[in-house]
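Remarks on the structure that follows.
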Amino acid sequence: MGKIKSINPANEEIYGELKETSFSEIDKIVRKAKEEKKWAGKSSEERMEIVGNLISLLEKSKEELSKIMALEIGKAIKAGRHEVEIAMKRVEAFCKKIPKFLEDEVIFEDDIEKNIVRFEPLGVVSVISPWNAPVFVSLANIIPPLLCGNNVIWKPSEYSSFTGLKLAELFNELKKFGLPENAFQIVIGGKVVGKKLVESDIDLVALTGSIMAGKEVVKNSSEKLHKFVLELGGKDPAIVLEDCDLEKAVREIVKSATMYTGQVCFGVERVYCARKIYDEFVEKCVEETKKIIIGNPLDEKTDMGPFAVKFQMEKYISHIEEAIQKGAKLVYGGDKLKEKGYFVNPGVMVNVNHGMKIMKEETFGPVIPIMSFDKIEEAIKLANDSDYGLTASVWTSDLRKGEEIAKRIEAGTVEVNRHGMSKAGCPWGGYKMSGIGRIYSKEGVREFTNIKHVWVVKK
Ligand code: NAD
């Protein structure tokens with residue numbers, strides 16, 4: 001197998017190199033995972049006790065993990081710390097909620113018969129992760145199948161494998177609390193390694209990544225006919241009504257669009273703003289965007305580091321250039337900042353339309369393209385004019401109206417007066433090409449189980 005070369009995106013120097021896991025090693029890892037039965041044999045409360053120890057291990061490693069993310073993917077150090085903190089909260093919430101989701105359900109009982117539904121471990125679950133939130137997104141996808149009693153084989157992204165190896169060390173430490181030897185294993189590599197894992201004798205693959213990778217996983221799962229859960233990309237709209245709290249809407253939309261240098265699946269990628277407040281909204285977005293401190297990810301003051309990978313920066317610039325060629329106008333930013341490193345200025349764009357990639361394809365970069373609308377019907381139609389459907393937001397002080405609009409938007413999560421949050425216990429996943437299946441909620445967690453009907457005839 002090949003080697004993975006990790007480039008520090010702030011200076012374009014090599015941060016480190018790693019050997020990819022070979023196919024024969026993957027076969028061995030899968031075999032070991034299939035043979036491991038102790039973990040499935042534990043109760044969900046016992047599993048929760050063991051996995052819960054990860055929270056203090058994450059706290060102890062917070063600085064180290066944040067530093068690795070800064071060097072490996074250019075994440076601002078304070079954003080990295082925040083990511084570890086929200087991951088800790090998510091692990092805690094899963095440990096509290098998941099055992100309840102797995103309790104037997106008695107569907108029917110009378111003197112004659114009883115029907116029980118049980119949620120049993122599937123077996124081996126492969127979790128394949130992206131690089132943009134390598135601690136939070138990875139743990140949010142590893143912990144539920146693990147708590148369900150599955151043995152997990154995890155492949156971090158080839159662009160965040162050092163963060164992945166540090167997390168794997170923490171799972172290794174869980175062994176002294178009772179995690180069996182092969183209940184959690186890691187493989188290192190890119191899409192070839194991912195494909196090999198998908199084609200292996202596993203029971204489910206949980207992929208978080210691009211639509212392209214999602215399509216390949218569907219195709220490659222067909223031979224073994226195993227299950228899959230796909231959490232894919234987004235092109236998330238925000239609809240801003242004239243009665244909104246404008247200051248709040250601007251602050252939150254700019255934050256969502258520029259967080260992690262815009263490399264967030266649920267970040268705002270397009271805005272539809274009521275014409276009456278359009279000029280003021282654009283002006284305020286520019287003011288807010290100017291406040292963002294761009295710089296060395298290791299610097300405590302930095303809000304936004306460079307793009308994690310060069311191809312992301314190139315895509316960002318090409319989307320902006322294509323929009324300008326078709327008549328859009330950059331009212332702020334959108335340019336490359338330094339000779340070395342993948343640094344850009346966050347951009348604010350107007351005169352955009354749905355004939356441009358910037359309104360139709362996932363940019364995964366810090367740019368806010370803004371269109372105006374006269375009637376809400378128009379805004380809803382534009383918001384739904386997309387192959388994606390991960391999240392969306394509506395900004396209004398009329399909460400009833402907000403809820404009504406939310407019902408008509410084709411997205412897995414629609415927020416009123418906020419953008420870009422998920423919650424343990426509530427479903428997470430996409431409409432349309434943004435994914436297949438749900439995670440985090442009762443029905444999401446149960447995706448990682450075999451659902452069995454036990455029918456007891458009493459007389
Ligand atoms: P990617 O699709 O390139 O890679 C994601 C992971 O899949 C990596 O580990 C990669 O090695 C692996 N992979 C790629 N092709 C594969 C294949 N054929 N078989 C098996 N594995 C394969 O995505 P990325 O660039 O790492 O991440 C960015 C994408 O992830 C964006 O589209 C973003 O919106 C999405 N994302 C979605 C969510 C969500 O919750 N829906 C969360 C984070 C990121």
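So, residue 32, is that one closer than 30 Å to residue 306 by Cβ, basic (Lys, Arg) and assigned by TED's automatic domain parsing to the domain that holds residue 168 or not? Against the criterion (closer than 30 Å to residue 306 by Cβ, basic (Lys, Arg) and assigned by TED's automatic domain parsing to the domain that holds residue 168), residue 32 does not qualify. For segment 21-37, residues that are part of a helix (DSSP H, G or I) and open to solvent by 60 Å² or more (accessible area, probe 1.4 Å) total 9. Please pick out the residue among 68, 98 that is buried (at least 18 other Cβ atoms within 10 Å of the Cβ), within 25 Å of the chain's Cα centre (by Cα) and over 27 Å from residue 446 (Cβ atoms). Of the residues listed, the single one that is buried (at least 18 other Cβ atoms within 10 Å of the Cβ), within 25 Å of the chain's Cα centre (by Cα) and over 27 Å from residue 446 (Cβ atoms) is 68. Condition check for residue 18 on (1) in a helix (DSSP H, G or I); (2) closer than 26 Å to residue 136 by Cβ: one failure, at (1).
Under the condition of being more than 11 Å from the ligand (Cβ to nearest atom) and either among the charged types (D, E, K, R) or buried (at least 23 other Cβ atoms within 10 Å of the Cβ) (or both), the residues counted in segment 163-181 number 8.
When you look at residue 61, is it out of contact with any Leu (no Cβ under 8 Å at 6 or more places or on another chain) and hydroxyl-bearing (Ser, Thr, Tyr), yes or no? Considered against the rule, which asks whether it is out of contact with any Leu (no Cβ under 8 Å at 6 or more places or on another chain) and hydroxyl-bearing (Ser, Thr, Tyr), residue 61 comes out as no. Taking strands (runs of 3 or more DSSP E) as the structural unit, those lying wholly within segment 108-161 and holding at least 3 residues that are within 15 Å of the ligand (Cβ to nearest atom) and among the hydrophobic types (A, V, I, L, M, F, W, C) correspond to 124-128, 151-155. For segment 414-459, a residue qualifies if it is more than 13 Å from the chain's Cα centre (by Cα), more than 17 Å from residue 143 (Cα to Cα) and either modelled with pLDDT under 95 or within 14 Å of the ligand (Cβ to nearest atom) (or both), and the qualifying residues are 431, 432, 433, 436, 459. Scanning segment 338-385 for residues that are of a type in the set (Gly, Ala, Ser), touching a residue at least 60 places away in the same chain (Cβ under 8 Å) and more than 20 Å from residue 132 (Cβ to Cβ) gives 372, 379, 383.
The values are calculated or read from the model by the stated rules, or taken from the named source; none is laboratory data. Computed from a predicted structure; not experimentally measured. Every residue, glycine as well, gets a Cβ built from its backbone with ideal geometry; the counts of neighbours run over all protein chains shown. With ligands, DNA and RNA removed, areas are computed over all heavy atoms of the protein, side chains included. Shrake-Rupley method; radii C 1.70, N 1.55, O 1.52, S 1.80 Å.
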